[in-house]
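Student: Below are the structure tokens for one structure; questions will follow.
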Amino acid sequence: MSTDTALPRDAELDLCTLWRELAADPKAPNWFELTEHGELVFVPQPTPKHQLAASRLLGQVHDQLGDAVVPSIAVLTKTDGVRVPDLVWISKDRVEEAVAQDPMQLVPPLVVEVLSESDRWSVLAHKVRAYLETGCEKWRLFSWMARLLTTGPTGCIRSPCSGSGCPTRVTLSRVKSAEQTPAAAAAGRVVM
């Protein structure tokens, strides 16, 4: 599908219905995504290294931004079907709305993906573009060693950094918000 073409609303609803049916089907695979055409994409189960990186990142995002950091939640994108990023961050005022949806139709402000050894850059670039076209404000891509590979406000993915230049602790940039409180700013937290 063209990157400038959004799914019609009825197609979004059909994908949501299909997602819920597959998720409830005991014969369906445990790890999958859906293309914008409703085709099943088999996703390998994350390796222990991948899960360790994701859990470390979950802790860092929560420590720095607070609110809700949700792992492996299905997100309906406007151009690429239903995708399952490793982590999403959601502000506390939107958590109940977000987790009540399956797949989540609310746009998460921050999406985090961990690059597994089996992932291809082209596939991740496609997913990142879909998150951004859906309205995601920021994304981060990490190696399975929880090292920052690339980050940005656009769908452009650069090649991974290497060596000692890759930080092992990530400092998330602040986002300007009318809801930013002095207490949150003093604590280094961002309220989106």
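Student: In region 106-118, what count of residues is obtained for those that are surrounded by 17 or more Cβ atoms within 10 Å (Cβ to Cβ) and assigned to a loop (DSSP other than H, G, I, E, B)? Spell out how you get there, then give the answer.
Tutor: At the first step, the residues of region 106-118 found to be surrounded by 17 or more Cβ atoms within 10 Å (Cβ to Cβ) are 106-116.
Still in the running and assigned to a loop (DSSP other than H, G, I, E, B): 106-109, 116.
The total comes to 5.
Student: Can I ask one more? So which residues in region 94-115 are in contact with an Asp or Glu (Cβ under 8 Å, 6 or more places away or on another chain), without any contact (Cβ under 8 Å) to a residue 60 or more places away in the chain and over 13 Å from Arg140 (Cα atoms), if there are any at all? Before the answer, list the steps.
Tutor: The first filter runs over region 94-115 and keeps only residues in contact with an Asp or Glu (Cβ under 8 Å, 6 or more places away or on another chain), leaving 95, 105-106, 109-110, 112-114.
Filter again for without any contact (Cβ under 8 Å) to a residue 60 or more places away in the chain, leaving 95, 106, 112-113.
Once the filter is applied, which keeps residues that are in contact with an Asp or Glu (Cβ under 8 Å, 6 or more places away or on another chain), without any contact (Cβ under 8 Å) to a residue 60 or more places away in the chain and over 13 Å from Arg140 (Cα atoms), region 94-115 yields Val95, Leu106.
Student: Restricting to region 31-78, name every residue that is in a loop (DSSP other than H, G, I, E, B) and among the aliphatic types (A, V, I, L, M).
Tutor: Pass one, region 31-78, residues in a loop (DSSP other than H, G, I, E, B): 31, 35-39, 43-47, 66-67, 72-74, 77-78.
Result: Val43, Ile73, Ala74.
Student: Same structure, new question: From Gly59, Gly38, Gly81, which residue is of a type in the set (Gly, Ala, Ser) and in contact (Cβ under 8 Å) with a residue 60 or more places away in the chain? First the steps, then the outcome.
Tutor: Details: Gly59 fails: in contact (Cβ under 8 Å) with a residue 60 or more places away in the chain; Gly38 fails: in contact (Cβ under 8 Å) with a residue 60 or more places away in the chain.
Answer to the check: Gly81.
Student: Can you pull out every residue in region 75-107 that is hydrophobic (A, V, I, L, M, F, W, C) and within 9 Å of the chain's Cα centre (by Cα)?
Tutor: Of the residues in region 75-107, the ones hydrophobic (A, V, I, L, M, F, W, C) are 75-76, 82, 84, 87-90, 95, 98-100, 104, 106-107.
Passing the criteria: Val75, Val84, Leu87, Val88, Trp89.
Student: Just give me the residues in region 119-141 being outside any helix (DSSP H, G or I), in contact (Cβ under 8 Å) with a residue 12 or more places away in the chain and either under 24 Å from Ser55 (Cβ atoms) or among the hydroxyl-bearing types (Ser, Thr, Tyr) (or both), in sequence order.
Tutor: Keep residues of region 119-141 that are outside any helix (DSSP H, G or I), which gives 119-120, 135-141.
Adding the requirement that they be in contact (Cβ under 8 Å) with a residue 12 or more places away in the chain leaves 135-141.
The answer is Cys136, Glu137, Lys138, Trp139, Arg140, Leu141.
All of the numbers you see were taken from the coordinates with simple rules; none came from a lab. Because the structure is predicted, anything quoted here is derived from the model rather than measured. Every residue, glycine among them, receives a Cβ derived from its backbone with ideal geometry; neighbour counts consider all protein chains shown.
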